[in-house]
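So the structure is just underneath, and the comments pick up after that.
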Amino acid sequence: KSDFPVNEVRDAIGDTAYLTNQSDAWSIFDVDGANSRAVLERICQLDLASEVFPPDAASPMAMEHIAAIVIRTGDNRFRLMAISSYCGSFLHAIETSIANIS
């Protein structure tokens, strides 16, 4: 389905809402490894401790003044999503944080 999941949602709820697929409007970065929490603690205001933010948890927030979504995909894995027009700035923030903990 080219509009996935828009078509599935439309099939489920009918014409009760306007739906649009914006999946290509996001830049997605995966931060993975033993130092992933340390990297994110410099730019993320969430408490990323496992007992507070367990795997499969997700939260919208601002990172370096950029609207983002953080998803914990594993013990030391996080998926970061930001609007694609901020891709360069968002990547710079992540890379700078990595450089500062290395």
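Non-local amide H neighbours of I83 (under 5 Å, H modeled in plane, Pro and chain starts lacking H): which ones?
S27
Using a 10 Å cut-off on Cβ atoms, rank the peptides 37-46, 6-15 from the highest mean neighbour count down.
37-46, 6-15
In the chain, if the dipole is taken from +1 on Lys/Arg beta carbons and -1 on Asp/Glu beta carbons about the Cα centre, which of V52, T20, A38 is farthest to the positive end?
It is A38, whose Cα lies furthest towards the positive end.
What value, in deg cm²/dmol to 500, does the helix sum -39500 (n - 2.57) over DSSP H runs of n ≥ 4 give at 222 nm once divided by the residues of the chain?
-8000 deg cm²/dmol
May I ask you to give the percent of accessible area on the chain that is carbon plus sulfur, with a probe radius of 1.4 Å?
About 49 percent, which is the carbon plus sulfur part of the accessible surface.
How much area per residue is accessible in the stretch 20-102 when the probe is 1.4 Å and only protein heavy atoms are counted (Å²)?
I get 59 Å² per residue for this part.
Rounded to whole Hz and in sequence order, give me ³J(HN,Hα) for the stretch 49-65 from the Karplus expression 6.51 cos²θ - 1.76 cosθ + 1.60, θ = phi - 60°, writing x for Gly and Pro.
4, 3, 6, 9, 10, x, x, 6, 6, 9, 7, x, 5, 10, 10, 6, 6
With an 8 Å cut-off on Cα pairs and a minimum separation of 6 or more residues, tell me the relative contact order of the chain in percent.
28 percent.
Which semi-axes, in whole Å and largest first, does the equivalent ellipsoid of the chain have when worked out from the alpha carbon gyration tensor as the square roots of 5 times its eigenvalues?
Equivalent-ellipsoid dimensions as semi-axes: 29, 16, 11 Å.
The values are calculated or read from the model by the stated rules, or taken from the named source; none is laboratory data. Bear in mind that the values here come from a model prediction, so they are computed numbers and not experimental data. Virtual Cβ from ideal backbone geometry, glycine too; neighbours counted across all protein chains shown. For the accessible areas, the whole protein counts, side chains as well, though only heavy atoms, and no ligand, DNA or RNA atoms are used. Shrake-Rupley method; radii C 1.70, N 1.55, O 1.52, S 1.80 Å.
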